[in-house]
1. Once phi is turned into ³J(HN,Hα) by the Karplus curve 6.51 cos²θ - 1.76 cosθ + 1.60 with θ = phi - 60°, what whole-Hz value does each residue of region 60-68 show in order, with x for glycine and proline?
2. Around VAL94, with a cut-off of 14 angstrom between Cβ atoms, what is the net charge of the other residues, counting Lys and Arg +1 and Asp and Glu -1?
3. Can you give the local net charge around GLU210? Use residues other than it whose beta-carbon is closer than 12 angstrom to its beta-carbon, Lys and Arg +1, Asp and Glu -1.
4. Looking at this model, which pairs from LYS182/LYS358; LYS103/LYS231; LYS195/LYS356; LYS110/LYS346; LYS84/LYS195; LYS95/LYS358 are more than 27 angstrom apart at the alpha-carbon?
5. Which order, highest average first, do 101-107, 360-366, 280-286 follow once you tally other Cβ atoms within 10 Å for each residue and take the mean per peptide?
6. Cβ under 14 Å from LYS177's Cβ, LYS177 left aside: what net charge do those residues give with Lys, Arg +1 and Asp, Glu -1?
7. Please list, in chain and number order, the residues 5+ apart from GLY140 or on another chain whose amide H is under 5 Å from its amide H, with Hs placed from the backbone.
8. Please find, in a Gaussian network model of the chain (springs between Cα atoms separated by less than 10 Å), the residue of GLY40, GLY109, GLY123 whose mean-square fluctuation is greatest.
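Where a number appears in this text, it was derived from the coordinates with a stated rule and is not lab data. This is a predicted model, so every value here is computed, not measured. Here Cβ is always computed from backbone atoms with ideal geometry, including for glycine, and neighbour counts include all displayed protein chains.
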Amino acid sequence: MKGSSIHEHFGQLEDPRVDRTKKHPLINILFIAFCAVLCGAEDWCSIEKFGKLRYTWFEQFLDLSSGIPSHDTLSRVFSAIDAKQFMLCFMNWVKPLATKLKKVVAIDGKSLRATKDEVHGLGALHLVNVWCCENQLVLGQQIVSDKSNEITAIPMLLDLLDVSNSTVTIDAMGCQKEISGKIREKQANYVLSLKGNHGNLHDDVRLYFESIHQEKLVPTSTLYHHHTVEKDHGRLEERDYWAIKLPSGLHADGWTDLITIAMVRSVRTLLRDIPETSSEVRYFISSIHSENIIDISQAIRQHWQVENSLHWRLDVAFHEDAWRANMGSAAANMSLLNKMALNLLKKETSAKVGVKNKRLMAGWNEDYLTKVITGLN
């Protein structure tokens, strides 16, 4: 398959079928499904239809002597492909795309709502995703059986990722002592959101900052402050960040290299005829020294990208929440195809339009599709 890295990195994926059912080479099924998804297909029938309508284009890359696989074949194969093996192939495939230094790596979970099957007592598939903020790329995903298991899924992901010299950000679900140790073991720093699931430490940090701001307490070390203002889309957002060296006496036993606590106060004003203002206070723990408060603030601010740049796009541009396939590994594997498509569409920068319109352009124009697939910018 000339001109594509898909064959190089996914060609060794184990075929789950018995020999007598291997009418179509596995790489054909993968490549056709990937290109169809990239161009807007969102179910098995539309993937089959896309393959047939683009038959001549696919002949440039594939041996189509057995034709285009049917939607039933696509469904059976993607349900049977080992999701972990597929993810490992994906992670090797994405490495050459991630050319920039990975300064901030955000980890967060997402549920595929339509995969919930109440009749058979199955909950929605939940995935933990890894987003590289500088490269604007998905680096990996891990399946969890329910959201509480993010605690076990995150270390498994970290074992597979190269996050050295970066800062890993995780929301409160992943704010765990074992995870802080794993991040430091991987030679990375962390900024972890601190909430009520760590009651004693959270209360200590909250009371400490409240006492400082109410002038009831004089800090024993330097309190660093950073202020930012952003105005966009009819909103004005001001953020104040404070960071200080971990005070003695706080409930911080068992955390690896926890040296800084931080507080963020966000004030958002909706610029209407009658402005509406709301505020929020959040607390964080970090392995970054408090004097590097700008690095801490950037990590906190960039963590939102995993929601707005990844999860939101998967739902809006790829309609991932509407994907109902829940047989075997189908949903997880199709989510990975969505992320492959998103990565290449983000990498292609000549078209100054959003991801949704890039999908349409790839579906309309074979030259543009070839450009995206082969990475020719």
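1. Coupling constants for region 60-68: 5, 10, 10, 7, 9, 4, 9, x, 9 Hz.
2. Within the 14 Å Cβ shell, the charges total +3.
3. Around GLU210, the charge tally is 0.
4. LYS182/LYS358; LYS195/LYS356; LYS84/LYS195
5. 101-107, 280-286, 360-366
6. Net charge in that neighbourhood comes out at -2.
7. VAL130
8. Top of the fluctuation ranking is GLY123.
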